[in-house]
1. Want the number for GLU186 to ASP439: 0.36 nm per residue separation, take away the alpha-carbon distance, what's left?
2. Which of the peptides 390-399, 354-363, 123-132 is most tightly packed, and how do the rest follow, judged by the mean count of other Cβ atoms within 10 Å per residue?
3. In whole Hz, what ³J(HN,Hα) sequence does segment 153-167 give by Karplus (6.51, -1.76, 1.60; θ = phi - 60°), x for Gly and Pro?
4. With θ taken as phi - 60° and the coefficients 6.51, -1.76 and 1.60, list the Karplus ³J(HN,Hα) couplings across segment 100-109 in order, rounded to whole Hz; mark glycine and proline as x.
5. Determine the distance separating the Cα centre of segment 40-67 from the Cα centre of segment 349-397; give it in Å without decimals.
6. I need ILE28, ILE115 ordered by Cβ neighbour count within 10 Å, fewest first.
7. Could you list, in their original order, any pairs among LYS134/LYS213; LYS215/LYS284; LYS55/LYS134; LYS158/LYS215; LYS134/LYS215; LYS253/LYS284 whose Cα atoms are separated by more than 27 Å?
8. Can you sort PHE175, PHE466 from fewest to most other Cβ atoms within 10 Å of each residue's own Cβ?
Amino acid sequence: MAWAYFVCFHQTKMGHSMVVSQFQDQAISWEEDYNTRVNPTLMTRLLHNAIPVLKSVDWHIKEVQEGVCVSELPLCVASTNQHGTHQAALISLSADYTGGLALATLLRGVPLAGIHRCRNEDSASLWLAAMDVKYRNPSTGHLKASCVVPEETARMVKQRYFAGKRVLVTLPVKFTSQGEVIAEAEMKYFAQPSIQLHPTKQQPRISPLYKQKLKASARMIAGLRASFDDRGMRLDVGHEREAAGPHGELLAKRLHGVLPQLQDMVKARTAHIDQTLQSVPDLKQVVILGVGLDMRPFRMSEELGNPTFFELDLPEMLEERNRVISQMQDRPTINRRTIAADFKTDDIADLLLQHPDYSPTLPTVVVFEGCSMYFAAEENREILTATSKAIQHPSSRLWCDIVTEGVVNGTSQHPEIDSFLEGMEELGERFIFGCDQPDSFLQDCGFEDSRATTAGDFLGTSDRSFSTYQFVVSNARSLNKNLTQAVC
């Protein structure tokens, strides 16, 4: 269901108990919640932005009360068939969002993932589990949809959600036109704090919705890599486009409208990584942390002398990656090794060093792309410190991207950066780690001689938002230095 949009999916350490107490302590009034979160004008605009087909047919919300939503599907050319009646699919779509918003009004003060600006730890994810629509009569006028949540059901929803429990509820939606009943629907919804969708040490199983968000994000990045621009950074359009598929290309196109800088940022970091790989003589191994749908192994293997690529990601993402690769036409034969890993719970060094085909003494480049900003400082320290133990050849390198602290704490004080951060918030993305001195941070993690350049310098642009995005290349400490440090 489109209520569960593809954003708001990165993991945080904050537990759900903090989320519940936060909203209980706020005790926000219905009047304030109505004005700032669920009033008809605001929700119509937000839903039109998130689901453009609703805007195309001029579907809009007429009335909102606590536990009540009334919407209207106009009789217009875009919504009718040759007989002048509303198409059944649009009636079902209207039922979906009318019932969903009625449910959302009961979660007072809680932003909706994919609709409001939000963070994982304070948002709710809603999605449609099942629907049963009975069409009684053809509609010959504007169609009014009404959902009124029964009082006992509303009480149950509030109690369960704010007790940290998943909500499963069936709501009625009734359609009328010119006093005549047109359709009646029963809509079954799930509602759950977004943070609960993420795997934890206690509950490692990944929910289907979280799995879909992982795949959507990977396809979107592939879609951004597959496009052209006027800077001459033409990447491997063929493989990346196959990886993105129509879904990834569409997401990339929509994302470009919200964050026009992101496309150049992704392509710049991709080109910078490529250059780093090309600069290491006699490269034997490439480790990609969070590989997603990165097609770099296919487009660069021969150029790099056919090194072995070690691809690390969550098992669900690796499953999707292998499925996509298996369907590619004319793919070259390369040396790939996949390693299932959860960077929050697994030791990267152990996973690599235990692999029979991996050697820490061979020239290696580790790529940690698009990840650091979504892990807390201590989590990054653990991941990178473990990584440093697995690369011991003097030619080995680490590549990572790190945003500046001003991006995270909102102190940049530049309009371009503020605009970029507003776009990230609109997508539900929240950076939780930034560093103004990446060389010192990486030295503490076991690396040395770090060299940082901003995306702005790499692209030659004056847009200040690019100056907050840093590409860092670090040398591995030699084996002798590591041993000396251990003795000390």
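1. Values: separation 253, 0.36 × 253 = 91.08 nm, distance 5.77 nm.
Here the answer is 85.3 nm.
2. On the way: 390-399: 21.8, 354-363: 14.0, 123-132: 18.7.
Ranking, from highest mean packing down: 390-399, 123-132, 354-363.
3. Using θ = phi - 60°, the values come out as 5, 4, 5, 5, 4, 5, 4, 5, 4, 7, 9, x, 10, 5, 9 Hz.
4. Whole-Hz 3J(HN,Hα) from phi for segment 100-109: x, 6, 4, 5, 4, 5, 7, 8, 4, x.
5. Segment 40-67 and segment 349-397 have Cα centres spaced 47 Å from each other.
6. Details: ILE28 14, ILE115 28.
Lowest to highest Cβ neighbour count: ILE28, ILE115.
7. Details: LYS134/LYS213 32 Å; LYS215/LYS284 29 Å; LYS55/LYS134 25 Å; LYS158/LYS215 31 Å; LYS134/LYS215 34 Å; LYS253/LYS284 36 Å.
Over 27 Å apart, Cα to Cα: LYS134/LYS213; LYS215/LYS284; LYS158/LYS215; LYS134/LYS215; LYS253/LYS284.
8. Ascending number of Cβ neighbours within 10 Å: PHE466, PHE175.
Read the figures in this text as sums done on the coordinates, not as results from a lab. Just so it is clear, the model here is predicted, and its values are computed rather than measured. Every residue, glycine as well, gets a Cβ built from its backbone with ideal geometry; the counts of neighbours run over all protein chains shown.
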